Amino acid sequence: MTVEFGLRVPTVGKPQDTGAYAAEVEAAGFDFMWVPDTPILAGRWRDVWSHLTVAALHTSRLRLGPGVTNPLTRHPVTTASAVLTLDDVSDGRADLVVGTGYSSAYIIGRKQATRKQMRQSTELWRSIFAGNPTELGGLGIELTEPHPKLPIYLAATGPKMLELAGEIADGVLIMVGSAPGAVAWALEHVDAGLARAGRTRGDIRCMLVCTACVDDDRARAIELMRPCAAGIYRHAHAATLFERAGLEPPEKPPAYVDPYPDLGHAVDWEEAKRVSGFVSDAATETMVMLGSGAEVAERTQALIDLGLDAIWWRDQATWTRPDALRRGLVEEVLPRLKNT
């Protein structure tokens with residue numbers, strides 16, 4: 001089995017900058033590049049579809065998509081139009097990657113999408129892409145040129161969302177950290193959803209979000225990535241994830257306050273590190289991928305051996321591109337893997 005690798009690249013700079021960077025990502029051998037979608041996060045991020053369109057014009061092989069969009073900040077029909085346009089521009093290289101919209105929801109004062117909304121949106125997109133007559137209470141929608149192969153991936157952390165992805169999606173983007181035990185737990189729930197729908201692993205792509213730092217200085221890497229481990233604590237099923245990883249999950253201090261705009265996207269990363277001090281070194285190096293190229297490669301191989309089809313790599317940064325991670329992966333990690 002050949003495992004594919006992608007890179008997360010934020011919408012920093014102009015779309016032209018993202019386009020040029022996408023060409024470098026493609027030349028480095030990555031298979032896909034997804035761009036996060038939280039509109040105007042901290043006043044800095046810009047429109048994901050504009051950046052992706054320019055990236056498509058600068059590449060010929062790289063698959064492209066939002067990582068991750070949601071059914072809240074745009075109507076699902078608007079998202080369908082945008083991703084179909086990207087598929088046209090890229091000659092069939094678009095991916096639709098959708099989650100409940102945690103950061104996108106709070107920025108507009110709403111709660112994240114429910115599983116019912118996720119199911120309804122997925123069914124709507126699938127109907128539109130297939131070219132089926134689709135009616136929403138207004139004029140009917142029917143594509144003159146269907147895009148039935150445009151994949152729909154659902155991002156998931158909790159058991160019910162993992163199972164929903166197994167039931168209805170073309171792929172699942174697993175967001176549980178990088179501990180093999182936690183990833184195995186997630187795959188068990190994907191399998192439960194597959195079984196409920198009469199599907200098998202061959203009917204879905206199992207993909208993992210892997211937050212990583214390739215650095216021979218382990219102590220420095222732990223300090224840098226500690227907020228990424230702390231971010232896992234906000235999940236409703238954090239206790240289970242840590243238990244399956246062989247860890248005792250500490251509780252956040254009573255006086256804990258998120259940095260702006262939140263821990264995972266902190267503008268001041270030094271502040272993020274300060275408020276994450278309650279997280280142990282052991283928890284950080286277990287839940288986040290870090291260490292030398294050989295160490296990261298060994299952990300990556302263990303995850304691949306669980307049956308993953310792809311890994312979407314990201315670093316800790318929100319406001320810069322992942323230059324150091326890209327170099328570390330290309331030069332020190334990926335050449336060591338047997339499943340590539």
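Values as computed for the structure displayed
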{"item": "Some residue of the range 177-191 being in contact with a Pro (Cβ under 8 Å, 6 or more places away or on another chain), part of a helix (DSSP H, G or I), farther than 15 Å from V98 by Cα and touching a residue at least 24 places away in the same chain (Cβ under 8 Å)", "result": "yes"}
{"item": "Test for E270: is it surrounded by 13 or more Cβ atoms within 10 Å (Cβ to Cβ) and of a type outside the set (A, V, I, L, M)", "result": "no"}
{"item": "Qualifying positions in the range 1-29 - aliphatic (A, V, I, L, M) and in a strand (DSSP E or B)", "result": "L7"}
{"item": "Any hit, the range 203-210, residues being closer than 25 Å to L64 by Cβ and free of Cβ contacts under 8 Å to residues at least 24 places away in the same chain", "result": "yes"}
{"item": "Number of the condition not met by T320 [criteria: (1) surrounded by 17 or more Cβ atoms within 10 Å (Cβ to Cβ); (2) of a type in the set (S, T, N, Q); (3) in a loop (DSSP other than H, G, I, E, B)]", "result": "(1)"}
{"item": "Every pair of residues 6+ apart whose Cβ atoms lie under 6 Å, when the first sits in the range 36-57 and is farther than 16 Å from V68 by Cβ while the second is surrounded by 15 or more Cβ atoms within 10 Å (Cβ to Cβ) and of a type in the set (G, A, S)", "result": "V54/G19; A55/G19; A55/A22; A56/S90"}
{"item": "Which listed residue, of R234, R244, R199, R226, is buried (at least 24 other Cβ atoms within 10 Å of the Cβ), charged (D, E, K, R), touching a residue at least 24 places away in the same chain (Cβ under 8 Å) and on the phi < 0 side of the Ramachandran plot", "result": "R226"}
{"item": "Pairs, first assigned to a strand (DSSP E or B) in the range 60-74, second at pLDDT below 95, C-beta under 9 Å, six or more apart", "result": "T69/G101; T69/S104"}
{"item": "Of all residues in the range 107-120 being without any contact (Cβ under 8 Å) to a residue 40 or more places away in the chain and within 20 Å of R234 (Cα to Cα), the one that is surrounded by the fewest Cβ atoms within 10 Å (Cβ to Cβ)", "result": "G109"}
{"item": "Identity of the residue in the range 67-106, among the hydroxyl-bearing types (S, T, Y) and touching a helix residue (DSSP H, G or I) at 6+ places or on another chain (Cβ under 7 Å), that ends up modelled with the lowest pLDDT", "result": "S103"}
{"item": "Enumeration of residues in the range 286-317 that are more than 28 Å from T200 (Cβ to Cβ), outside any helix (DSSP H, G or I) and not hydroxyl-bearing (S, T, Y)", "result": "V288, M289, L290, G291, R314, D315, Q316, A317"}
{"item": "Residues that are closer than 22 Å to E163 by Cα and either touching a Pro at 6+ places or on another chain (Cβ under 9 Å) or not in a helix (DSSP H, G or I) (or both), drawn from the range 104-120", "result": "K111, Q112, A113, T114, Q117, M118, Q120"}
{"item": "Residues of the range 304-340 satisfying the condition of being more than 24 Å from V190 (Cβ to Cβ) and at pLDDT below 95", "result": "none"}
{"item": "Output for the range 36-59, where each listed residue is under 16 Å from T85 (Cα atoms), part of a loop (DSSP other than H, G, I, E, B) and among the hydrophobic types (A, V, I, L, M, F, W, C)", "result": "none"}
{"item": "In the range 160-176, residue farthest from M225 (Cα to Cα) [restricted to those that are part of a loop (DSSP other than H, G, I, E, B) and not charged (D, E, K, R)]", "result": "A169"}
{"item": "Residues being assigned to a helix (DSSP H, G or I) and either touching a strand residue (DSSP E or B) at 6+ places or on another chain (Cβ under 8 Å) or touching a residue at least 24 places away in the same chain (Cβ under 8 Å) (or both) - total across the range 121-139", "result": "9"}
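The values are calculated or read from the model by the stated rules, or taken from the named source; none is laboratory data. Everything quoted here is computed from the prediction, not taken from an experiment. Backbone-built Cβ (ideal geometry, glycine too); neighbour counts: all protein chains shown.
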